[in-house]
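A short write-up of the structure that comes next.
The values are calculated or read from the model by the stated rules, or taken from the named source; none is laboratory data. A quick note: this is a predicted structure, and the numbers were derived from the prediction, not measured. Neighbour counts run over all protein chains shown; Cβ positions are idealised from the backbone, glycine included.
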Ligand code: FES
């Protein structure tokens, strides 16, 4: 191997310590998988065709498609494959999305809803195709998906959801056979939904990508890009990665970008539990509460688990411990839980107008792409993003280019409370006093916890470790200067503005921030 050929696996320390994902809690998927490790040979003499930043479902699917099409690709992840939201998803594969077809019709048009449904269907088929083609052992299973209404208002919403799905060409019909112990008034079943083990799936994509000549770099955080007329240069320490195109598959693009103001970060909570009576649901089940609950089951190493999720709230708001308690309490009402084997939370981004942003990064030089705003539907929309971005790179066009254009300016009145969301962001800039604890003495703080406190007129993010050692950081998020909040369930500092997250020592867990919190002397 030439001096200039190396991989970066050991060149940059993994600032996550031993955490396998972007939080303290291991997900169910972490229990029987290991990262695949770096692969391929990196050369800084090479000008790669495409640098893909981020090794989640979006990045690895994009990389594999492009590499198979003859492009020379390199994937760089700040940690390792599946470290981010792909490692914390509940891996539902649906023909409908959290943004309903009725909402898309209202905010865009009936044609847009049809196209959205077509894109989702293509993504579902693509996942099934890769599982088959690459013989991926990832517990992929076709199942029915059920949505049920418990109140009169929910019935009306369900009617809307059902009728708009049918208008969009999605196979759905009324049912009275929902596999749930919850008493419901009305329900709809969607055929040909699916589930899988998300980490087994993406690790197989990564293996296939490397076998096809692709390069994967772990522990490689990509900083600012420098663009010339011919290619983009990413600096990694002393080294440079050069590529004609760059794809930010980082959940939300790093740096400061207009997309940060068009997506709101949310946390979602999940438990995996064994049941005393084996009454595991056969299917994917969703209620219509706000926020809603969802249930499915999964067998790992011969043991079946109920996976229950919900109680979402905006990142850096709400109380993560309470959210877990509420989720456990709600699940116990209907299921005879024997043991809670895992509990974890994950992040997703709610887009301003309900549709994801997929395509060229607004305000960036030519040849830089991104995908974000999946609204909790990352398995389908991450895969769809890979299809769209690879089409854009390979042929310069995509059927979905206009609908998901990240540069679109869409009136936001039609969807969610986005105006409120943005007002909320403004509230959390440096001057804000939200969440400052009146801690009389640091001795009062419980160990292994954090708090924003005021000390001699300065705000500090203080973490007290299990041995009682106190670590003080500036609480000012290095992205755009909002004040972070302590998340006691994931032992992380979470930014309420655009969702950057840091571990208890201030190291970046997830973007858009690139730099760690500043230690307080
Ligand atoms: Fe933007 Fe923190 S993520 S200010």
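In the set (1) more than 16 Å from residue 390 (Cα to Cα); (2) in contact (Cβ under 8 Å) with a residue 60 or more places away in the chain; (3) touching a helix residue (DSSP H, G or I) at 6+ places or on another chain (Cβ under 8 Å); (4) surrounded by fewer than 24 Cβ atoms within 10 Å (Cβ to Cβ), the condition left unmet by residue 81 is number (4). Can you tell me which residues in segment 501-514 are at pLDDT 90 or above, over 24 Å from residue 342 (Cα atoms) and within 10 Å of the ligand (Cβ to nearest atom)? 512, 513 - these are the residues of segment 501-514 that are at pLDDT 90 or above, over 24 Å from residue 342 (Cα atoms) and within 10 Å of the ligand (Cβ to nearest atom). Does segment 41-62 contain at least one residue that is surrounded by 22 or more Cβ atoms within 10 Å (Cβ to Cβ), modelled with pLDDT under 95 and farther than 21 Å from residue 511 by Cα? Yes, the conditions are met somewhere in segment 41-62.
When 447, 453, 470, 419 are checked against the criterion of being buried (at least 17 other Cβ atoms within 10 Å of the Cβ) and either under 30 Å from residue 101 (Cβ atoms) or modelled with pLDDT of 60 or more (or both), a single residue qualifies: 453.
Residue-level analysis places residue 272 outside the set of residues that are out of contact with any helix residue (DSSP H, G or I) (no Cβ under 6 Å at 6 or more places or on another chain), crowded, with 20+ Cβ neighbours inside 10 Å and not in a loop (DSSP other than H, G, I, E, B).
Scan segment 212-258 for residues that are within 16 Å of the ligand (Cβ to nearest atom) and not in a loop (DSSP other than H, G, I, E, B) and report the count. Of the residues in that region, 2 qualify.
Reported count of residues in segment 292-316, each being part of a loop (DSSP other than H, G, I, E, B) and buried (at least 17 other Cβ atoms within 10 Å of the Cβ), is 3.
Number of residues in segment 466-492 that are more than 9 Å from the ligand (Cβ to nearest atom), touching a residue at least 60 places away in the same chain (Cβ under 8 Å) and out of contact with any helix residue (DSSP H, G or I) (no Cβ under 8 Å at 6 or more places or on another chain) equals 3. Among the residues of segment 493-500, none qualifies, meaning not one is within 14 Å of the ligand (Cβ to nearest atom), touching a strand residue (DSSP E or B) at 6+ places or on another chain (Cβ under 9 Å), assigned to a strand (DSSP E or B) and free of Cβ contacts under 8 Å to residues at least 40 places away in the same chain. Scanning segment 123-144 for residues that are in contact (Cβ under 8 Å) with a residue 40 or more places away in the chain and part of a loop (DSSP other than H, G, I, E, B) yields a count of 6.
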